[in-house]
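What follows is a single structure, written as structure tokens, with notes after it.
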Amino acid sequence: MREQLQALLSGLSFERLIATGYGRNLARELFWAETLTEIRAHAMGVRSLFPEARTILDIGGQDSKAIALDPEGRIVKFEMNDRCAAGTGRFLEVMAEALSVELEELAELALNTDHAANISALCTVFAESEVVGLIGRGEELDRIARGIISSIVKRSLTLLNRISPVPPLVFTGGVARNRAVVKILEEELGFPVLVPEDPQITGALGAALYGMRI
């Protein structure tokens, strides 16, 4: 990460640098960047796009987080899952590879049926073994895909329930680009969710806004 960060910022000039995410402390060490927690960055970014937002669900490549906001946009509570890839974008990538399909095709397959194959493992490695076993037994791919997506949604709901979510709920992170995850999440919640046009840069937007206002 050190080499990537140096290459990214090499030759650039800036008046202020705000860093968020996992590499923020390294950016502070190398470039004297000011740092902002992911939670605050996401809250600021989301509220700038959806001023009425009360709940944020962010599912990225390596972790997921749920954030509750008060009516003024202040953070009330948050929960994170950063210990396991299950329920993240990486989980979807591994499952798509197991099915030998692209991520976009995984979503389309899941939307082809209302019946989900049961995938109960809480670990990505074990879940992959389950998927391989289902394929070997001749289970239909669309049902397996639906089971994979339902597994992600189930983990997300567990995270959300810890913060007592209320609408409007904004769904961010790369996984928010998956139509099947959005649809099944809405079905389980019983209300629609809001997805930004570019859901994977919401935290960066919040960091930029933070840098502009201080």
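The values are calculated or read from the model by the stated rules, or taken from the named source; none is laboratory data. Only a predicted model underlies this, so the values are computations on that prediction, with no experimental measurement involved. All Cβ positions, even for glycine, are placed from backbone atoms using ideal geometry, and neighbour counts span all protein chains on display. Areas reflect the complete protein model, heavy atoms only, side chains present, ligands, DNA and RNA absent. Shrake-Rupley method; radii C 1.70, N 1.55, O 1.52, S 1.80 Å.
Of everything in the stretch 121-141, what is open to solvent by 20 Å² or more (accessible area, probe 1.4 Å), of a type in the set (Gly, Ala, Ser) and either in contact (Cβ under 8 Å) with a residue 12 or more places away in the chain or at positive phi (or both)? Give them in sequence order.
Passing the criteria: only Gly138.
Being open to solvent by less than 20 Å² (accessible area, probe 1.4 Å) and charged (D, E, K, R): is that true of Asp63 here?
Spelling it out, Asp63 is indeed open to solvent by less than 20 Å² (accessible area, probe 1.4 Å) and charged (D, E, K, R).
Please verify whether the stretch 180-202 includes one or more residues that are touching a Lys or Arg at 6+ places or on another chain (Cβ under 7 Å) and at pLDDT 95 or above.
yes
Looking at the stretch 109-120, which of the residues that are open to solvent by 20 Å² or more (accessible area, probe 1.4 Å) and polar (S, T, N, Q) is farthest from Arg143 (Cα to Cα)?
Ser120
Of all residues in the stretch 184-200 being touching a strand residue (DSSP E or B) at 6+ places or on another chain (Cβ under 7 Å) and either part of a loop (DSSP other than H, G, I, E, B) or among the acidic types (Asp, Glu) (or both), which is surrounded by the fewest Cβ atoms within 10 Å (Cβ to Cβ)?
Val195
What is the number of the single condition among (1) modelled with pLDDT of 95 or more; (2) under 18 Å from Glu79 (Cα atoms); (3) open to solvent by 60 Å² or more (accessible area, probe 1.4 Å) that Leu49 does not meet?
(2)
Mind checking which strands (runs of 3 or more DSSP E) fall wholly inside the stretch 19-89 and carry at least 1 residues that are touching a Leu at 6+ places or on another chain (Cβ under 7 Å) and over 30 Å from Ala121 (Cα atoms)?
Passing ranges, in order: 75-81.
Give me a count of the residues in the stretch 71-108 that are modelled with pLDDT of 90 or more, buried (at least 18 other Cβ atoms within 10 Å of the Cβ) and either in contact with a strand residue (DSSP E or B) (Cβ under 6 Å, 6 or more places away or on another chain) or on the phi > 0 side of the Ramachandran plot (or both).
Residues in the stretch 71-108 being modelled with pLDDT of 90 or more, buried (at least 18 other Cβ atoms within 10 Å of the Cβ) and either in contact with a strand residue (DSSP E or B) (Cβ under 6 Å, 6 or more places away or on another chain) or on the phi > 0 side of the Ramachandran plot (or both): 1 in total.
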